[in-house]
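Structure first, commentary second.
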Amino acid sequence: MFGKFAHNPSLRLIASKVERGQVANAAWNGYNVVNAVGLGGAAAAYVGARVTELRPSNLSDREQTLATGMDVLMGTAVVTGIANGVLGAALGRHAKVPMETGTQPSATTPPRVARLQRAIGVLGTVNIATGVLLVADNALFRRGTFSRPATRRAIRSGDGAALESLVVGAAAGVLAGAGNELRRRIGS
């Protein structure tokens with residue numbers, strides 16, 4: 001979002017349209033690793049959650065619908081992020097080409113480079129919209145879990161493993177609390 005709404009438009013402050021391209025490419029190439037690590041981490045965490053606590057057998061019909069929406073949105077975010085990285089690398093090979101901004105060609109920008117810029121602009125917009133929708137979907141999902149917490153879910157479903165995990169977790173909490181109380185009393 002910073003790139004789309006602040007960095008790219010700010011390039012117009014640079015008088016030379018060729019230098020705009022060089023600055024845009026240097027900035028984005030410096031950020032690509034950060035972007036890739038962030039996107040990869042988000043995707044890995046989501047896949048991990050989807051095969052554990054967000055697996056279909058743990059979800060109500062409403063939650064499953066929202067989780068399916070998150071699947072589509074996360075997939076879209078990953079695909080548009082990768083596509084933008086690939087197109088950005090291709091655009092980086094044309095760093096000394098005149099441009100208005102990182103995603104807007106100038107009148108003298110070669111047609112191939114102009115297409116790359118426009119494609120990156122569209123994919124960036126799709127990626128931002130996907131991120132906003134993913135946050136909204138996740139918020140709706142989380143809001144629903146407040147009215148159906150894990151304890152009630154395990155008890156209602158009769159899932160022995162889930163109920164056992166809750167009992168073990170509760171017991172560990174009680175033991176930790178008792179240990180802290182004992183340590184406090186012995187220490188004083």
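Overview of results
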{"read-out": "Considering residues of region 43-83 that are among the basic types (Lys, Arg) and without any contact (Cβ under 8 Å) to a residue 60 or more places away in the chain only, the residue surrounded by the most Cβ atoms within 10 Å (Cβ to Cβ)", "value": "Arg50"}
{"read-out": "Subset of region 28-42 (residues that are loosely packed, with under 15 Cβ neighbours inside 10 Å and among the hydrophobic types (A, V, I, L, M, F, W, C))", "value": "Val33, Val34, Ala36, Val37"}
{"read-out": "Only one of Asn25, Asn29 that is farther than 18 Å from Thr108 by Cα and not small (Gly, Ala, Ser)", "value": "Asn29"}
{"read-out": "Given (1) touching a Gly at 6+ places or on another chain (Cβ under 7 Å); (2) modelled with pLDDT of 90 or more; (3) farther than 28 Å from Val135 by Cα, index of the condition Ala95 fails", "value": "(2)"}
{"read-out": "Ile186 being over 30 Å from Ala49 (Cα atoms), surrounded by fewer than 16 Cβ atoms within 10 Å (Cβ to Cβ) and at pLDDT below 80", "value": "yes"}
{"read-out": "Criterion: in contact with a helix residue (DSSP H, G or I) (Cβ under 6 Å, 6 or more places away or on another chain), assigned to a helix (DSSP H, G or I) and modelled with pLDDT of 90 or more - qualifying residue of Ala83, Ala42", "value": "Ala83"}
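Yes/no per residue for (1) under 27 Å from Thr68 (Cα atoms); (2) surrounded by fewer than 20 Cβ atoms within 10 Å (Cβ to Cβ):
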| site | (1), (2) |
| --- | --- |
| Met99 | no, no |
| Gly102 | no, no |
| Ala107 | no, yes |
| Pro111 | no, yes |
| Arg115 | no, yes |
| Val126 | yes, yes |
| Gly131 | yes, yes |
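The values are calculated or read from the model by the stated rules, or taken from the named source; none is laboratory data. Keep in mind it's a predicted model, so treat the numbers as computed, not measured. Methodologically, a virtual Cβ is constructed for each residue, glycine included, from the backbone with ideal geometry; neighbour enumeration extends over all protein chains shown.
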